[in-house]
1. If only one of D55, D47 is in contact with a Lys or Arg (Cβ under 6 Å, 6 or more places away or on another chain) and farther than 25 Å from A231 by Cβ, which one is it?
2. Output the number of the condition that A184 fails; it satisfies all remaining conditions of (1) buried (at least 18 other Cβ atoms within 10 Å of the Cβ); (2) within 21 Å of F96 (Cβ to Cβ).
3. Which members of region 74-111 meet the condition of being in contact with a helix residue (DSSP H, G or I) (Cβ under 6 Å, 6 or more places away or on another chain) and farther than 14 Å from E237 by Cβ?
4. Can you name the strands (runs of 3 or more DSSP E) wholly within region 227-332 that have at least 2 residues being under 19 Å from G209 (Cα atoms), free of Cβ contacts under 8 Å to residues at least 60 places away in the same chain and not acidic (D, E)?
5. Is it true that some residue in region 215-237 is basic (K, R), crowded, with 16+ Cβ neighbours inside 10 Å and closer than 25 Å to D266 by Cβ?
6. Please work out which residue is nearest to L336 (Cα to Cα), limiting yourself to region 434-458 and to residues that are open to solvent by 50 Å² or more (accessible area, probe 1.4 Å) and in contact with a helix residue (DSSP H, G or I) (Cβ under 8 Å, 6 or more places away or on another chain).
7. Go through (1) modelled with pLDDT of 95 or more; (2) in contact with a Leu (Cβ under 9 Å, 6 or more places away or on another chain); (3) surrounded by fewer than 14 Cβ atoms within 10 Å (Cβ to Cβ) and name the single condition Y281 misses.
8. Given the options A416, A406, A426, name the one that is touching a strand residue (DSSP E or B) at 6+ places or on another chain (Cβ under 8 Å), in a strand (DSSP E or B) and in contact (Cβ under 8 Å) with a residue 12 or more places away in the chain.
Amino acid sequence: MIAIVVSRADSASEHIFEQLLAARDWDRRVDEHREDGMGGGDVFRIDGFELRTFDDWHLELDDAAEPFDDPDLLVFASRHSGDTGPLLTAHFTGNFGPAEFGGEDRSLAATCPSALSEILSAFDEHAPADYDTGIECTHHGPTEVDVPSMFVELGSGEAEWADSTAAAAVARSILDLRDVKPHAKRLDGDTETQNGEPPRRQLVGIGGGHYAPRFERIVRETDWHVGHVAADWTLDELGPPERHRDVLDEAFQQSEAEFALVADTDRDLDDVRRVLSESGYRIVSETWLREVDDVPLALADDLESALSPIDDGLRFGTVPEGWDDYTIQELPTDLLDEAQGIASATVRSAVERATLAFETVENGNRVRGRAAVSKTSDYDALIDALVDVLDGEYETVRRENGQVVAQTMAFDPSLAREAGVPDGPAFGKLSNGEPVSVDGRTIHPDDVESTRTVTFPV
């Protein structure tokens, strides 16, 4: 069940409340055991949701889940303030440093990374055309909520807070959370952590600005989910990370995360990296997250050890159903280079189909090195695919005696000289397929061609 908290002190919250009531046929009852301004009075319910109103500002509502009937997730329907123009946004709560706006000093609330991903998708579907959508770093209270929670906000000024169309978009987005779990599932085949369970594909964001485009990009474009985000300014509030390891630990615990993504920033984050590494958290790159998106993490770790790190160019192909082992195969460099020069996209697709993982160069753009294959026939299928690529450029291509033999008719300088063609521009014309005139004779390109044979060890 999802609890929705509305604050009467917040006009945007009240407008979202009105649109929530208008969007569904809610059951209304009266809670006489609790004061009206503290979640009592009128209580509204539909399947999967319970809605209560409070007099205080959201950020002052510690224990906000207590009035509700055993919620799994709590949503604060709130306003957003800032110089950002029309904006629908969401974030988690807590204070990496002193608590200036609710909650406790250096304390963080439980997050719901999977629900944050869902709300961002819902924003994209429902937001009015002139509204941006996004996520923010962790900031302000409350910090004692008792269940996973997040702020879902309408911003960023008086005009937007009174915008019924935008308030309806926020209301519909919240209602789209029905049946959403706070956290990502643990996936079979993912590496087990110290507690014997696979990690969730969730991470803590480190660094960057208050609005978190890099972490938002991960949410939008991968199957990873983002928990607490410590922006540069909140790290400044934190102080020396070695003195506040407990706060950083809490960010991971409250996010149920084992991984950290550190944003590119002008701030020196080496001290944070060192403390996180010493604490056992894995710092990964955006490339790493994207590449292991649909790959079992145990297999990804194993292949990085057997081949090379993802950040050094390892890329993943296809993990077939029922695979149970793999072998490392040296890829045929010359044949690959020749085929990639003819049709690089076709070659890349063939390599991805045939291998579990493969090495690359040139920032992951060119296949070269070794590969892991689950069976020998996959490697043979790859060679056949490369032969097919060459077949479009050569007269004949065949496999024999551990090599690919390709033959084509090509300009032969020695035949051109025998025909009396002088070195220079005439050679260039003939090699480009143009006839030339020599002493009143016309020399055609096929007059000076011979069979060229190229062999590629496989």
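The values are calculated or read from the model by the stated rules, or taken from the named source; none is laboratory data. The model shown is predicted, which means the values in this text are computed figures rather than measured ones. As a convention, Cβ positions derive from the backbone with ideal geometry for all residues, glycine included, and neighbour counts pool all protein chains shown. Ligands, DNA and RNA are excluded from the accessible area calculation, which covers all protein heavy atoms including side chains. Shrake-Rupley method; radii C 1.70, N 1.55, O 1.52, S 1.80 Å.
1. Numbers: D47 fails: in contact with a Lys or Arg (Cβ under 6 Å, 6 or more places away or on another chain).
Going through D55, D47 in turn, the sole match is D55.
2. In the conditions (1) buried (at least 18 other Cβ atoms within 10 Å of the Cβ); (2) within 21 Å of F96 (Cβ to Cβ), A184 misses (2) alone.
3. As a first pass, look at region 74-111 and keep what is in contact with a helix residue (DSSP H, G or I) (Cβ under 6 Å, 6 or more places away or on another chain): 75-79, 86, 88, 90, 96-97, 101-102, 106, 108, 110-111.
Correct list: V75, F76, A77, S78, R79, P86, L88, A90, G102, A110, T111.
4. Values: elements: 259-262, 282-284, 327-330.
Fully inside region 227-332 and qualifying: 259-262.
5. Keep residues of region 215-237 that are basic (K, R), which gives 217, 220.
Next, only the ones that are crowded, with 16+ Cβ neighbours inside 10 Å stay: none.
No, because not a single residue in region 215-237 is basic (K, R), crowded, with 16+ Cβ neighbours inside 10 Å and closer than 25 Å to D266 by Cβ.
6. To start, the set of residues in region 434-458 that are open to solvent by 50 Å² or more (accessible area, probe 1.4 Å) comprises 434-435, 437, 439-442, 444, 446-447, 449, 451-453, 455, 457.
After this cut, where a residue has to be in contact with a helix residue (DSSP H, G or I) (Cβ under 8 Å, 6 or more places away or on another chain) as well, the list is 434-435, 447, 449, 457.
Details: E434: 31, P435: 33, D447: 32, E449: 26, P457: 11 Å.
Among residues in region 434-458 that are open to solvent by 50 Å² or more (accessible area, probe 1.4 Å) and in contact with a helix residue (DSSP H, G or I) (Cβ under 8 Å, 6 or more places away or on another chain), the one nearest to L336 (Cα to Cα) is P457.
7. Unmet condition: (3).
8. On the way: A416 fails: in a strand (DSSP E or B); A426 fails: in a strand (DSSP E or B).
Exactly one of A416, A406, A426 is touching a strand residue (DSSP E or B) at 6+ places or on another chain (Cβ under 8 Å), in a strand (DSSP E or B) and in contact (Cβ under 8 Å) with a residue 12 or more places away in the chain, namely A406.
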